[in-house]
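Single-structure report; data block below.
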Amino acid sequence: MISKKESKVFKDLLEVKPAAQIEKYLEQQGITNRNGQPFSQSFISRVLNGKTAHRELEKHIWDFIEVETLRKQQEETKRAQLLEAAENMTCNV
């Protein structure tokens with residue numbers, strides 16, 4: 001089960017509508033519940049908030065968090081590189 005601490009970190013990382021973001025990721029990956037239906041946002045939210053345990057969905061949430069963490073790290077690195085390049089250009093003028 002996802003702990004309260006993990007839930008808070010996940011929500012802080014995802015910022016806006018975390019259940020909707022996870023739902024979209026699951027849909028893109030073709031991940032469904034045992035009935036072949038998409039996981040609902042309300043169910044995802046219950047699992048994300050640690051109110052319901054669901055081992056398979058929790059694994060996919062962790063996978064999504066990994067993808068988002070890497071994406072944000074790459075974004076921060078790119079921004080830092082661009083800022084440095086811009087600073088170098090303005091210092092040389």
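Considering the conditions (1) open to solvent by less than 70 Å² (accessible area, probe 1.4 Å); (2) closer than 22 Å to SER7 by Cα; (3) in a loop (DSSP other than H, G, I, E, B), GLY36 is excluded by exactly one of them, (2). The set of residues in the range 11-32 being of a type in the set (Val, Ile, Thr) and free of Cβ contacts under 8 Å to residues at least 24 places away in the same chain consists of VAL16, THR32.
One residue is enough: does the range 68-86 have a residue meeting the conditions under 20 Å from MET1 (Cα atoms), among the charged types (D, E, K, R) and under 19 Å from the mean Cα position of the chain (by Cα)? No, the range 68-86 contains no residue that is under 20 Å from MET1 (Cα atoms), among the charged types (D, E, K, R) and under 19 Å from the mean Cα position of the chain (by Cα).
Pick out the one residue from VAL47, VAL16, VAL9 that is in a loop (DSSP other than H, G, I, E, B), among the hydrophobic types (A, V, I, L, M, F, W, C) and under 17 Å from GLU68 (Cβ atoms).
Values: VAL47 fails: in a loop (DSSP other than H, G, I, E, B); VAL9 fails: in a loop (DSSP other than H, G, I, E, B).
The unique qualifying residue is VAL16.
Within the option set SER42, SER7, being touching a residue at least 24 places away in the same chain (Cβ under 8 Å) and of a type in the set (Ser, Thr, Tyr) holds for one residue only, SER7.
From ALA80, ALA53, which residue is small (Gly, Ala, Ser) and either part of a loop (DSSP other than H, G, I, E, B) or touching a strand residue (DSSP E or B) at 6+ places or on another chain (Cβ under 9 Å) (or both)? Full working, then the answer.
Values: ALA80 fails: either part of a loop (DSSP other than H, G, I, E, B) or touching a strand residue (DSSP E or B) at 6+ places or on another chain (Cβ under 9 Å) (or both).
The conditions single out ALA53.
Taken together, LYS72, LYS17 contain a single residue that is open to solvent by less than 70 Å² (accessible area, probe 1.4 Å) and not small (Gly, Ala, Ser), which is LYS72.
The values are calculated or read from the model by the stated rules, or taken from the named source; none is laboratory data. Remember, it's a predicted structure, so these values are computed and weren't measured experimentally. Here Cβ is always computed from backbone atoms with ideal geometry, including for glycine, and neighbour counts include all displayed protein chains. Heavy atoms of the whole protein, side chains included, go into the accessibility calculation; ligands, DNA and RNA do not. Shrake-Rupley method; radii C 1.70, N 1.55, O 1.52, S 1.80 Å.
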